[in-house]
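Here's the structure we're looking at; comments come further down.
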Amino acid sequence: MRALVGTGQFGVLVWRSNGGTAPTELHLPASFAPGATTVVSSIGSVRGVPAYTGAESVAAAAEPGVAGVNRLLLSTRDSNLHFALVTNGAGGASLEAAGAELAAWVSATFGG
């Protein structure tokens, strides 16, 4: 994960989905431009977060009422435990390797 984040900012979110249709929303500070943000998650991993259309499991949309600020939308319809690492770091590490490291940590820490 360190190689993926580099010297950038990051956050880790662990949540249990409620099985509903609305995505989990996470405020992205202005320093997290969607095109330069990487997400490694149990529901999907991307370099450069696409715009939300409703079809993506990981997407970004404008934060209502706040110009230039976005929110990350993480869509799943199950009631499982999920995780997401969100970074604006420019590291070139493998998303799969970072995902495996995070999955092991979540399982050991939260019982997965």
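The values are calculated or read from the model by the stated rules, or taken from the named source; none is laboratory data. Keep in mind the model is a prediction, meaning the values are calculated, not measured. Using ideal geometry, Cβ is built from the backbone for each residue, glycine included, and neighbour counts are taken over all protein chains shown. To get the accessible areas, we keep the full protein, side chains included, count just its heavy atoms, and leave off ligands, DNA and RNA. Shrake-Rupley method; radii C 1.70, N 1.55, O 1.52, S 1.80 Å.
Would it be correct to say that ALA22 is in a helix (DSSP H, G or I) and either modelled with pLDDT under 95 or open to solvent by 20 Å² or more (accessible area, probe 1.4 Å) (or both)?
no
If we scan the stretch 96-105, do we find a residue that is in contact with a strand residue (DSSP E or B) (Cβ under 6 Å, 6 or more places away or on another chain), of a type in the set (Gly, Ala, Ser) and open to solvent by 20 Å² or more (accessible area, probe 1.4 Å)?
no
For the stretch 25-54, name all the residues that are open to solvent by 40 Å² or more (accessible area, probe 1.4 Å) and either under 18 Å from ARG77 (Cβ atoms) or in contact with a Leu (Cβ under 6 Å, 6 or more places away or on another chain) (or both).
If the condition is that a residue be open to solvent by 40 Å² or more (accessible area, probe 1.4 Å) and either under 18 Å from ARG77 (Cβ atoms) or in contact with a Leu (Cβ under 6 Å, 6 or more places away or on another chain) (or both), then GLU25, LEU26, SER42, SER45, TYR52, THR53, GLY54 are the ones that fit.
Return yes when ALA60 is at pLDDT 95 or above, more than 27 Å from ALA108 (Cα to Cα) and of a type in the set (Gly, Ala, Ser) and no when it is not.
Yes; evaluated as a whole, the condition is true for this residue.
Looking at ARG71, ARG77, which is the one that is open to solvent by 30 Å² or more (accessible area, probe 1.4 Å) and part of a strand (DSSP E or B)?
Result: ARG71 is the single residue among ARG71, ARG77 that is open to solvent by 30 Å² or more (accessible area, probe 1.4 Å) and part of a strand (DSSP E or B).
Taking only pairs six or more apart or across chains, which ones have beta-carbon atoms under 7 Å, a first residue in the stretch 34-62 that is outside any strand (DSSP E or B), and a second residue that is surrounded by fewer than 17 Cβ atoms within 10 Å (Cβ to Cβ) and not small (Gly, Ala, Ser)?
GLU56/PRO50
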